[in-house]
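Report on the structure given below.
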Amino acid sequence: RLDLWETYAELRADSLRELGDISQATEFYRKNRSKMDAGSRVMWSERFEPDELSALQHAMNRKSQDEAAFWSEYQNNPRRTTDDELLLQNPTDISKRLNGLDRGRCLPGTDTITAFVDVQGRALFWSVVGWRSDFTGSVLDYGTFPDQAGRRYYQLKDLTRTIQKSFKGAGEDGGISAALRAFIPDLLGRQYLREDDEVEMSPSLILIDANWKTSTIRDTVRSFRSPNVFPAHGRYVGATSKPVQEFKKTRGEKTGLAWKTSILEKIPHVLFDTNYWKSFIHDRLAIEFGDPGNLTFFGTDHLTHRMISENLVAEYRLRVTASNGRSVDEWKLKSSKPDNHFLDCLVGAAVGASLMGAAVPGLGEPIKTRRRRRARISYH
C-alpha cells in the first residue's frame, strides 16, 4: 500500500511544519498499520526512535528525508543518476527571459489563462500565466496575498503583511479561508488584454494547493460555487513509484499528462506528479524566445524578476533509474531550504493549462473538452 505511505509522507511534512514533530503522521500509521505493514520485511525490527512505532516506519521516514541515501545505504540497492541532469539555468539567466510586454499583457495568440495559489500559513503565493495551445507561456503577474506593498523581493520568513495581521482574531484555518475568500473572487474577475487584438481575458482555471489544510480549502472552494476553481494535490512520484496514469481509477476520473481529476465530496480535484511538472517548467525555460513552447516574463527590467527566478532554482533534479528500469527526474530542495513557492505556482499554472487542452506537439495528448463560456457568478 504505497499509496498510504505517500499520504503518510505528506502528513509527516505537514506535522513537522505545524507542530515540529511527526505525531500526526504517526497517528495515521497507527490507524492503518496493518495495511501499511503488509508485504514488507525488515531485518532489524528494533531499529526505530521513541516517536516511531516500528522499524518499517523508521525506514520510510529515512526514505522521505533522502530517498537516494535510503536506497544506497539502507537497501543496498543504489539507483543510477546522471550528473548532467543536475545542471539548471542560473537565476540571472532566467530573470532575463523577458518578452517586453507590460505587466498583465498577454502574448498574441494566447488561448487561455491559468492561475495557481500556493497556500502558506502566513500568506498566499500566486501566479497568473497566459498560454498558447502549444504551451508557449508568458507569466502575466505574481505575488502574495496580502500583497507586500510594492516590495520586489521578499521571503516567507520576512513578510511584512500577513494573513494574521489582515484577519486579526482568526485562527489558522479561519485566516486561510478568509484570505482565499477575499482573494479568489478578485482573481477570477481580473481582466488581461491580449496584445494583438486587445481582447479581454480572465483566468479560465484557478488551482489551489490543497495538500495542507485540505478540508478547509475544500470547504472554501465549495463556497465559491465556481466551475473555474479546483483544489489541487501535488504528489512526489519517484522512480520506484507508480505513474499517475496507473493510479487506481474511480468512476468519473479523467487522466492527462501526469495528472488526473476526480470528484471528492462533489468537488472536482486535480492530482499531479510534481517531479514531472517541475521538469516540464524548466524545459520551457530552456527554450529560446520565439520557439514554440517557451516561457517568458513580462517587462524589460530583469531585476524585477530576481525573486521568482531564485524560487525557480530552489530545487535541483537528479535523473534516477530504479531497479525496474523506470527513469524519472526527482527534485530535491537545496540544503539551505530557500523559498520555492513561486516554483510551485508556475508548476500548478502549467498543470492547469494542460487541463484546459494545451499540449506540446508530440508530448502526450490533451484531454478533449468542449470549451464553454465562463458562467457569470455573483460574489457578495
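The values are calculated or read from the model by the stated rules, or taken from the named source; none is laboratory data. Because the structure is predicted, anything quoted here is derived from the model rather than measured. Here the Cβ positions follow ideal geometry from the backbone for every residue, glycine too, while neighbour counts run over all protein chains shown. Note: areas computed on protein heavy atoms with side chains; ligands, DNA, RNA excluded. Shrake-Rupley method; radii C 1.70, N 1.55, O 1.52, S 1.80 Å.
Loop-resident chymotrypsin sites (Phe, Trp or Tyr not before Pro) (DSSP state other than H, G, I, E or B) in segment 231-296 with no more than 15 further Cβ atoms inside 10 Å of their Cβ: F289. For D111, nonlocal amide neighbours, meaning residues 5 or more places apart or on other chains whose placed amide H falls under 5 Å from its own, are W131, R132, S133. Relative to one another, the C-alpha centroids of segment 292-366 and segment 226-247 are positioned 15 Å apart. Surface composition of the chain: carbon and sulfur make up 49 percent of the accessible area, probe 1.4 Å.
For the chain, the relative contact order is 20 percent, taking Cα pairs closer than 8 Å that sit 6 or more residues apart in sequence and dividing their mean separation by the residue count. Across the alpha-carbon atoms of segment 18-129, the computed radius of gyration and Dmax are 22.4, 63 angstrom. Given in Å, the Rg to one decimal and the Dmax to the nearest whole number for the Cα atoms of segment 273-342 are 14.3, 47. Compactness check for segment 102-165: Cα Rg over 2.2 N^0.38 Å is 1.30. On a straight-distance basis, which lysines could pair with K266 in a cross-link, Cα separation under 25 angstrom, same-chain partners fewer than 8 positions away excluded? Cross-link targets: K213, K248, K249, K254, K368.
On a per residue basis, the chain carries 50 Å² of accessible surface, using protein heavy atoms and a 1.4 Å probe.
Roughly speaking, what % of Cα-Cα pairs in segment 59-190 are separated by over 18 Å, rounded to a whole number? More than 18 Å apart: 70 percent of the Cα pairs in segment 59-190.
In summary, the aspartates and glutamates within cross-link reach of K168, defined as a Cα separation below 18 angstrom excluding same-chain residues under 8 places away, comprise D147. Scanning the chain for helices, which whole DSSP H stretches are 20 Å or more long along the axis (Cα) and average 0.0 or more by Kyte-Doolittle? Membrane-span-like by this rule: 172-189, 341-355.
The equivalent ellipsoid that matches the C-alpha gyration tensor of segment 169-256 spans semi-axes of 28, 23, 12 angstrom, in descending order. Along the chain, counting only GluC sites (Glu not before Pro) with a DSSP assignment other than H, G, I, E or B and at most 14 other Cβ atoms inside a 10 Å radius, the longest segment between sites is 47-197.
Between Q155 and Q191, residue separation times 0.36 nm minus the direct Cα-Cα distance comes to 10.2 nm.
Here r is the Cβ-Cβ distance between A182 and N76 and R0 is 56 Å; the resulting FRET efficiency, rounded to 0.05, is 0.60. Counting only heavy atoms of the protein chains and using a 1.4 Å probe, S166 has close to 60 Å² of accessible surface.
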